[in-house]
Each structure stands twice: as C-alpha cells, then as structure tokens.
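Accompanying notes for the structure given below.
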Amino acid sequence: MHPVDMRSDTVTRPTPGMWDAIRNAELGDDVLGDDPTVLRLQDMAAERLGKEAALFTPSGTMANQIAIRLLTQPGDEVIVEGGAHPFNYEGGAPAMISGVQLRTLAGNKGILDPKDVAGAFRPSDPHFPPVKLICAEDTANRGGGTPYPIEILDELCKVAHSRDAHAHLDGARLFNAQAATGVSAARRGKHFDTISFCLSKGLGAPVGSLLVGDKALIHRGLWVRKALGGGMRQAGLLAAAGIYALDHHIDRLSEDHARAQKLAEGLRTAGYSAPTPLSNMLYVDVANGPEAQNKLEEHGVRCLSVSATALRLVTHINVDDAGIEHAVSVFGQLADELLPN
Ligand SMILES: Cc1ncc(COP(=O)(O)O)c(C=O)c1O
C-alpha cells in the first residue's frame with residue numbers, strides 16, 4: 001500500500017478529471033489580461049463569495065499579503081490570533097512588504113473574541129500605532145481546524161468597521177468551514193472587505209488562491225501582485241484546475257470531515273487522546289512529536305509533528321477509507337512507543 005499522506009491537505013494530486021480540464025484549458029497571457037480561463041475563474045470566485053471581483057494568486061500567502069498591503073499603511077497595526085498564518089508562517093512578510101506591526105491576541109481554539117479585539121484598539125495618540133486591520137482565519141488551522149461561529153465573524157467586522165479599520169478573512173479553508181457549519185462561504189465572508197481562499201488545499205487543485213473584494217480594491221491588487229512577482233503568463237493551466245475544483249470538489253469536503261472523525265474515533269479506541277475534529281484536521285498528543293512522526297513514516301503513515309508532543313493529521317481528497325484504516329492500525333501497533341506516559 002502507498003503511504004497515506006496526511007501531512008497537510010496541500011499534498012493532493014490532480015484527479016483524472018482535473019488533468020483533462022488542465023489539458024483542455026484555453027490560454028492567453030494573464031499579465032496582459034487576456035487569459036480567458038483565469039478571467040473565468042476570477043469571475044466564478046467573486047460570484048461564489050458574493051463580492052465584485054477576484055484576483056488569482058500563486059499562493060494563499062500572496063493573497064493574504066496583497067490584502068494586508070491594500071488595507072494598511074506602513075506603521076499601522078494589524079490584529080491577528082496568536083496561531084494565525086500571516087504571523088507564524090509567512091516569513092515575516094507583513095513587516096517586509098507592508099511595514100506593519102502585527103499584534104497577536106490569544107483566541108479560543110484559534111477563534112478571536114470580539115471583546116478582546118475591541119479592547120485592543122487604543123486611543124488616537126501619536127504614541128500608539130493605529131489598528132487598521134483585523135484578520136480572522138476560517139477554519140483556524142492551529143486551532144485544530146475550527147470554523148468560526150458566524151455571529152463572531154459578523155461581530156469582528158462590526159468591531160473593525162465601527163473603529164475606522166478593515167477586516168480580512170484568511171479563508172484558506174473557507175469551504176471546509178462551509179461544509180462543517182452549513183453556513184455558506186459567501187455568508188461567512190459577507191461583511192469582510194477582503195477574503196482569501198486556497199484552491200490548493202481541501203479543494204484539491206495543485207496551485208493557486210484567490211483574493212476577493214470590491215472592484216476598485218482588487219484592481220489595485222494587480223499592482224501589488226505584479227510587484228511581488230505574482231503575475232503569471234499562461235496561468236489558465238492552473239486556473240482550469242481551480243475551476244474544476246470549484247465545480248467538483250466542494251460538495252465532497254464533508255467526506256474528508258467524516259474520515260477525520262473516523263480517524264479520531266480509531267485513535268481514541270487505541271488509547272490516544274484525540275478530540276473530535278470539527279473539519280478535516282486532527283491533533284493528537286504523543287510522547288515525542290518528531291520521533292513519532294519518523295516512526296509513523298516508517299510504517300507508511302505521513303503526518304506532521306507540530307510541537308514537541310503533538311502531531312497533526314489532515315484528511316483530503318487523496319485519503320480514502322483504506323488509508324484511514326491503515327493509519328488506525330499503525331497507531332494501534334505503535335501505541336506503546338508513541339503514547340505519552
Ligand atoms: C490558514 C492558512 N492561511 C494561509 C495559508 C497559505 O497558503 P500557501 O501555502 O498557499 O501560501 C495556509 C497554508 O497552509 C494556511 O493554512
């Protein structure tokens with residue numbers, strides 16, 4: 001059996017249908033603005049999220065960074081949750097690209113408390129950096145794949161907008177949040193100024209993300225994307241995969257969530273402490289994270305050690321029932337070595 005790769009939902013390979021879509025894509029030059037497949041993907045993304053316009057980017061990181069650049073000035077402060085991707089995993093880009101200061105607040109499973117956010121705004125005084133942007137992450141990756149309650153998303157936007165700040169939604173896994181809650185991606189992002197979402201995670205496309213927002217803002221995003229080297233020429237090849245993913249891979253996300261739950265149940269039966277996943281991610285406590293990762297890899301189960309004593313496993317389109325059974329069986333066999341004392 002092939003190793004079951006649950007390091008991340010970024011490891012997926014195109015399905016045969018997606019390969020056909022890529023092969024048959026109509027191409028142009030997207031930097032010159034005439035790649036019809038990219039234009040179609042952008043229109044689809046804007047329509048799905050109920051916004052005016054969308055911009056195709058090579059990565060979720062770039063989509064987030066374009067949003068931060070568009071919605072702030074150097075010297076501004078941006079509020080994020082402590083586990084947020086732009087703070088932890090984007091190479092210091094907000095400081096490098098936008099000259100902003102990030103301020104982290106501790107959330108509950110990655111979910112910001114609007115009261116804490118409101119309390120983080122400071123008086124208008126030249127001593128204090130002005131808070132000009134709030135970023136929320138839905139689902140919250142480091143929070144265990146937790147989807148935001150819709151009331152909190154709405155409240156965060158209210159807090160921002162009533163204080164002359166903007167709100168950005170890092171929806172790398174926004175469609176997982178939709179699948180987990182039944183609240184549509186458009187409704188979730190309704191009050192945000194910008195939303196980024198990834199095609200290359202649960203949706204199963206090889207590359208690409210979108211930034212959506214109003215027309216004027218997204219138009220300005222063209223300059224930022226170009227400046228960051230994110231202008232891609234025959235990008236229709238990638239956009240075709242994205243269109244295929246939006247058409248075919250959203251409704252199936254609940255299968256990934258059900259498999260993550262099955263995996264958690266199996267691990268609990270084998271003696272591990274594994275909370276019931278709220279979407280496609282599972283965090284498991286072990287005695288030694290890096291050692292456990294290596295041991296599991298030797299037995300054909302790939303996952304990531306995310307701390308000294310925790311592993312993360314993520315289900316996705318290339319993890320089937322047999323893969324889950326294999327993983328449960330390997331965790332069971334290795335329980336004596338892996339479990340914390
Ligand atoms: C919540 C979140 N935001 C943004 C990103 C960035 O996406 P990319 O890897 O495409 O830059 C990721 C990637 O894992 C993510 O988990």
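Since every read-out is calculated from the coordinates, none of them should be taken as a lab result. This structure is a prediction, so every number in the text was calculated from the model and none was measured. Positions of Cβ are backbone-derived with ideal geometry, glycine not excepted, and every protein chain shown enters the neighbour counts.
Structure summary
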| read-out | value |
| --- | --- |
| Segment 16-248 - percent relative contact order, Cα under 8 Å, separation 6 or more | 31 |
| Cα convex hull of the chain - mean projected area over all directions, nm² | 17.2 |
| Overall dimensions of segment 73-223 by Cα: Rg and Dmax, Å | 14.8, 47 |
| Antiparallel bridges, percent of DSSP beta bridges restricted to the chain (to nearest 5) | 50 |
| Net +/- balance of residues flanking His166 in space, Cβ distance below 13 Å, scoring K and R +1, D and E -1 | -1 |
| Computed label-point distance, nm, for sites Asp20 and Ala308 using a 7 Å Cα→Cβ extension | 5.3 |
| Spin-label model distance (nm) - Asp321 vs Ala287, 7 Å beyond Cα toward Cβ | 3.4 |
| Neighbour-count ranking [beta-carbon atoms within 10 angstrom, fewest first] of Ser162, Ser8, Ser98 | Ser162, Ser8, Ser98 |
| Segment 252-334: radius of gyration and largest Cα-Cα distance (Dmax), Å | 11.5, 34 |
| Amide H within-cut-off set for Arg103, under 5 Å, with H built and near neighbours excluded | Val78, Ile79, Val80 |
| Hz values of 3J(HN,Hα) by residue in segment 29-45 - Karplus curve (6.51, -1.76, 1.60), Gly and Pro given as x | 10, 5, 6, 7, x, 10, 8, x, 6, 5, 4, 5, 4, 4, 5, 4, 5 |
| Formal net charge of residues neighbouring Lys132 (Cβ-Cβ distance under 13 Å; K, R +1; D, E -1) | 0 |
| For segment 1-105, fraction of C-alpha pairs farther apart than 19 Å, in % | 62 |
| Helix axis angle, 215-227 relative to the chain longest principal axis, alpha carbon, degrees | 70 |
| For the chain, calculated [θ]222 nm from helices alone, where every DSSP H run of n ≥ 4 adds -39500 (n - 2.57) | -12000 deg cm²/dmol |
| Label point distance in nm, Ala216-Asp247, each placed 7 Å from Cα along Cα→Cβ | 3.6 |
| Euclidean distance of C-alpha centroids, segment 240-311 and segment 56-102, integer Å | 27 |
| Relative packing of peptides 23-33, 82-92, 202-212 - highest average C-beta neighbours within 10 Å first | 202-212, 82-92, 23-33 |
| Neighbourhood charge, 12 Å Cβ-Cβ cut-off, centred on Thr194 and excluding it, Lys, Arg +1 and Asp, Glu -1 | -1 |
| Karplus-derived 3J(HN,Hα), 6.51/-1.76/1.60, for each residue of segment 248-258, Hz, glycine and proline x | 10, 10, 7, 5, 7, 4, 5, 5, 4, 5, 5 |
| Stretchable slack from Thr104 to Glu298, in nm (0.36 nm times residue separation minus alpha-carbon distance) | 66.1 nm |
| Tilt relative to the chain, helix 60-71 - C-alpha long axis, 0 to 90 degrees, to 10 | 30 |
| Members of Lys109/Lys295; Lys109/Lys190; Lys51/Lys158; Lys158/Lys190; Lys115/Lys215; Lys201/Lys226 lying beyond 21 Å, as alpha-carbon distances in this model show | Lys109/Lys295; Lys109/Lys190; Lys115/Lys215; Lys201/Lys226 |
